[in-house]
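Down below is the structure, laid out as C-alpha cells.
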Amino acid sequence: MKEAGDILETAVAGGFASLWAKVVCHPIDTVKARVQGALEVGSFVRREGIRGMYRGFGVVALIGTPAGMLYFTTYDLVRGESFWSQFVAGVFAEAVACLLFVPVDVAKEKAQLRQIDSSLSEGLRLPLRTLYRGYGATVLSFGVYSGLYFGLYEKLRDRGGISSLASAFAASGFAAAATSPLDLAKLRSQTATTTTLTFVEVLREVVLREGVRGLFRGTPARVAHLAPSTALALATFDFMNTKKS
C-alpha cells in the first residue's frame, strides 16, 4: 500500500502533467470542437487569432488541473498488470475525474463554440444541470478512450525499445480514432441549445443526416489533439514519478 506522501507526490505530478499538456495543446482542442460542432474554422482563426484559440482555457486551468490530479492518482492506485485490469482502471479513473472534469468540459466547449463568453466567471455561473449535462456520455466517451489508451500504452512500453513518449503517442492516437464517434455525440449532447438529446439519439441523428461518415467528423483534429497532449501528459507524469523514486 502506498503511503500518504507517495500519493501526494503522484497527485502533484499528475496535476502538473495535465496542465502542461493543456497549455501546449488547447488550440488544437478548439479546432476539434469547432469541426465537430459543424462550425467554420479558417475565418475563426483569422478573426480571433491566438486569443480565440485559447477560449475556455481559464476554466480548464483552474478545475482541469485538480481533475488531472484525481485522474492520474486514481489510475496509479488501482491499475493491475493485465490489459483488462488496466482498461478497467482507466475507465474508473475517468469516472472519478469526471466529477470535476465534466463541468470544465461543458463550459470549455460552450466557450469554444462561442455559446458563452470565454471568461472563467461566466463558465462557472452556468446552472449545475447544464454543467453536468452528459456526465454519462463523457464517462463512456473518455472512459473507453482511457481504458484503451492505458492498456495499449502499458503493453507498448513493456515491449522495450520504445520510449514512453512514443508509446503514449501511438496508443493515444489509436484510442482517439476508435472512440471519435462517442466524443462527437458527447460534444453535441453537451452543447445542444434547443432540445436535449440522449447519447444514442445524437448518434442516430448524425447517421440519418450525415451518414456513417459523419460519425467520424473531426477525427483528424481529435487525434491531432489527444495524441500529443496525452503523450506529453503521461511522459511528463512518468518522468516526475521516476525522478521522485
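What ranking do E201, E154, E81 get, fewest neighbouring Cβ atoms within 10 angstrom at the top? Write down the numbers at each step before the final one.
Values: E201 14, E154 21, E81 8.
Placing the least packed residue first, the sequence is E81, E201, E154.
Taking neighbour Cβ counts within 10 Å as the exposure measure, how do V41, V59, V106 sort from fewest upward? Display every interim value, and only then the final one.
Values: V41 14, V59 23, V106 26.
Least to most surrounded, the residues fall as V41, V59, V106.
Any idea how far the Cα center of the range 25-97 sits from the one of the range 203-219, in Å?
Between the Cα centres of the range 25-97 and the range 203-219 lies a distance of 22 Å.
What list do you get for M69, M53 if you sort them by fewest beta carbons within 10 Å?
Details: M69 23, M53 17.
So the residues, fewest neighbours to most, are M53, M69.
Readers should treat all values here as calculations from the given coordinates under stated rules, not as data from a laboratory. Quick caveat: nothing in here was measured; it's all calculated off a predicted structure. Cβ: placed from backbone, ideal geometry, glycine included. Neighbour counts: every protein chain shown.
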